[in-house]
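Q: Right, I'll just put the structure down here and ask away after.
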Amino acid sequence: MTYIVALTGGIGSGKTIVSNSFKKIGINIIDTDIIAKNIIEYNYNVSDAIKKKFGKKILNSNKSINRSILKEYIFNNKNYRLWLENLLHPKIYKESQNQIKLVKSNWCLWVVPLLIEKNLEKKSNRILLVDTPIKTQIKRIIKRDNISLQTAKKIIALQASRKKRISISDDIINNNDISKINRHVHCLNIFYSYLSKKTKIYKKNYLTKFY
């Protein structure tokens with residue numbers, strides 16, 4: 001059975017930077033954000049349901065769903081958010097498991113932003129947190145997603161707290177210095193490769209933090 005390392009972190013913490021670094025050295029990546037995007041784009045039952053629920057206001061000129069506009073709606077309306085989560089998350093989890101079953105290597109990286117919120121902590125062998133100060137998160141997502149400061153703060157407020165993430169994590173990368181990421185990833189790959197061959201070792205026997 002494949003050893004699963006769950007990568008999590010708040011929005012804008014730098015999970016993609018870290019997962020891309022692992023990908024470059026040959027690690028299999030199962031990214032729930034990419035899975036969600038593909039489901040919205042290619043699962044016509046899902047996309048039709050979203051279009052019917054939100055109407056033309058969330059569509060691009062080519063009739064595709066504008067995910068940035070959709071994000072504004074769901075994070076400003078709790079009922080919309082819960083409706084979309086109930087629609088997407090069972091499908092996202094099922095596809096994640098399907099992809100994990102196909103992994104041939106000793107271990108894989110499962111990128112799950114809502115690991116805590118969806119009570120998935122026990123679905124992995126180990127948890128890697130990308131930790132970033134909240135002010136940095138806000139700046140990044142406003143620029144990246146072209147959303148308002150108000151929406152950025154609401155998104156962060158709806159996610160698990162930084163303290164909670166730290167409390168459940170086995171390994172932590174502090175993403176204040178991007179230049180160190182590749183070095184941290186190299187060390188963790190060696191570590192996880194070792195643990196994947198020693199699956200009987202209780203995961204809490206080891207704790208690493210990278211700054």
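Q: Does segment 115-124 include one or more residues that are free of Cβ contacts under 8 Å to residues at least 60 places away in the same chain and surrounded by 18 or more Cβ atoms within 10 Å (Cβ to Cβ)? Before the answer, list the steps.
A: Going through segment 115-124, the residues free of Cβ contacts under 8 Å to residues at least 60 places away in the same chain turn out to be 117-119, 122.
After this cut, where a residue has to be surrounded by 18 or more Cβ atoms within 10 Å (Cβ to Cβ) as well, the list is none.
The answer is no; no qualifying residue exists.
Q: Pairs please, first residue from segment 127-156 and more than 20 Å from Ile178 (Cα to Cα) and surrounded by fewer than 16 Cβ atoms within 10 Å (Cβ to Cβ), second anywhere and among the charged types (D, E, K, R) and modelled with pLDDT under 90, Cβ atoms under 8 Å, 6+ apart in sequence or on different chains.
A: Qualifying pairs under 8 Å: Ser148/Glu72.
Q: So for segment 194-211 (the condition being at pLDDT below 90, under 14 Å from Gly14 (Cβ atoms) and either assigned to a loop (DSSP other than H, G, I, E, B) or polar (S, T, N, Q) (or both)), does at least one residue qualify? Outline the logic, then answer.
A: Step one: filter segment 194-211 for residues at pLDDT below 90, giving 197-211.
Then keep just the ones that are under 14 Å from Gly14 (Cβ atoms); that gives 210-211.
After this cut, where a residue has to be either assigned to a loop (DSSP other than H, G, I, E, B) or polar (S, T, N, Q) (or both) as well, the list is 211.
Taking every residue of segment 194-211 in turn, at least one turns out to be at pLDDT below 90, under 14 Å from Gly14 (Cβ atoms) and either assigned to a loop (DSSP other than H, G, I, E, B) or polar (S, T, N, Q) (or both).
Q: Let me ask something else about it. Quick check: is even one residue across segment 79-90 touching a residue at least 24 places away in the same chain (Cβ under 8 Å), over 26 Å from Ser193 (Cβ atoms) and buried (at least 20 other Cβ atoms within 10 Å of the Cβ)? Lay out the reasoning, then the answer.
A: The initial filter retains those residues of segment 79-90 that are touching a residue at least 24 places away in the same chain (Cβ under 8 Å), namely 80-81, 83-84, 87-89.
Next, only the ones that are over 26 Å from Ser193 (Cβ atoms) stay: 80-81, 83-84, 87-89.
Remaining after also requiring buried (at least 20 other Cβ atoms within 10 Å of the Cβ): 84.
For segment 79-90, residues touching a residue at least 24 places away in the same chain (Cβ under 8 Å), over 26 Å from Ser193 (Cβ atoms) and buried (at least 20 other Cβ atoms within 10 Å of the Cβ): present.
Q: Collect the residues in segment 30-70 that are of a type outside the set (A, V, I, L, M, F, W, C), outside any helix (DSSP H, G or I) and touching a residue at least 60 places away in the same chain (Cβ under 8 Å), keeping them in residue-number order.
A: Step one: of segment 30-70, the residues of a type outside the set (A, V, I, L, M, F, W, C) are 31-33, 37-38, 41-45, 47-48, 51-53, 55-57, 60-64, 66-68.
From what is left, the residues that are outside any helix (DSSP H, G or I) are 31, 43, 55, 60-64, 66.
Selection gives Asp31 alone.
Q: Can you name the number of the only condition in (1) out of contact with any Phe, Trp or Tyr (no Cβ under 9 Å at 6 or more places or on another chain); (2) more than 25 Å from Asn66 (Cβ to Cβ); (3) surrounded by 18 or more Cβ atoms within 10 Å (Cβ to Cβ) that Met1 fails?
A: Every listed condition holds for Met1 apart from (3).
Q: For segment 90-129, enumerate the residues that are among the charged types (D, E, K, R) and more than 16 Å from Leu7 (Cα to Cα).
A: Let us first name the residues in segment 90-129 that are among the charged types (D, E, K, R), namely 91, 94-95, 101, 104, 117-118, 121-123, 126.
Matches in segment 90-129: Lys91, Lys94, Glu95, Lys101, Lys104.
Q: Also, I was wondering about something else. Please work out which residue is farthest from Ile142 (Cα to Cα), limiting yourself to segment 26-38 and to residues that are surrounded by 19 or more Cβ atoms within 10 Å (Cβ to Cβ) and in contact with a helix residue (DSSP H, G or I) (Cβ under 6 Å, 6 or more places away or on another chain).
A: Within segment 26-38, the subset surrounded by 19 or more Cβ atoms within 10 Å (Cβ to Cβ) is 27, 30-32, 35-36.
Retained after the next criterion (residues that are in contact with a helix residue (DSSP H, G or I) (Cβ under 6 Å, 6 or more places away or on another chain)): 30, 32, 35-36.
On the way: Ile30: 25, Thr32: 21, Ile35: 23, Ala36: 21 Å.
Restricting to residues being surrounded by 19 or more Cβ atoms within 10 Å (Cβ to Cβ) and in contact with a helix residue (DSSP H, G or I) (Cβ under 6 Å, 6 or more places away or on another chain), the top hit is Ile30.
Q: Of the residues that sit in segment 68-78 and are surrounded by 16 or more Cβ atoms within 10 Å (Cβ to Cβ) and not hydrophobic (A, V, I, L, M, F, W, C), which one is farthest from the chain's Cα centre (by Cα)?
A: Out of the qualifying residues, it is Tyr73.
Q: Now for a different question. Can you name the residue in segment 54-67 that is polar (S, T, N, Q) and under 16 Å from Tyr42 (Cα atoms) and is also nearest to the chain's Cα centre (by Cα) among such residues? If you could, list the steps in order and put the result at the bottom.
A: Here is the first cut: in segment 54-67, the ones polar (S, T, N, Q) are 60-62, 64, 66.
From what's left, under 16 Å from Tyr42 (Cα atoms): 60, 62, 64, 66.
Working: Asn60: 25, Asn62: 28, Ser64: 23, Asn66: 20 Å.
Going through the qualifying residues, I end up with Asn66.
Q: Among the residues of segment 13-25, is there at least one that is surrounded by fewer than 20 Cβ atoms within 10 Å (Cβ to Cβ) and among the hydroxyl-bearing types (Ser, Thr, Tyr)? Walk me through how you get there before you give the answer.
A: Step one: of segment 13-25, the residues surrounded by fewer than 20 Cβ atoms within 10 Å (Cβ to Cβ) are 16-17, 20, 23-25.
With among the hydroxyl-bearing types (Ser, Thr, Tyr) added as a condition, the list becomes 16.
Yes, segment 13-25 has at least one match.
Q: Now, a different point. Just the residues that are surrounded by 14 or more Cβ atoms within 10 Å (Cβ to Cβ) and closer than 22 Å to Gln150 by Cβ, please, taken from segment 39-64.
A: Phe54, Ile58
Q: Considering each residue of segment 107-150, count those that are outside any helix (DSSP H, G or I) and charged (D, E, K, R), and give that number. Talk me through it step by step, then tell me what you get.
A: We begin by selecting, within segment 107-150, every residue outside any helix (DSSP H, G or I); these are 107-120, 124-133, 146-148.
Checking which are charged (D, E, K, R) leaves us with 117-118, 126, 131.
Of the residues in segment 107-150, 4 are outside any helix (DSSP H, G or I) and charged (D, E, K, R).
The values are calculated or read from the model by the stated rules, or taken from the named source; none is laboratory data. What you see is a predicted model; the values in this text were computed from it and never measured. A quick note on method: Cβ atoms are made from the backbone with ideal geometry, for glycine too, and the neighbour counts reach across all protein chains shown.
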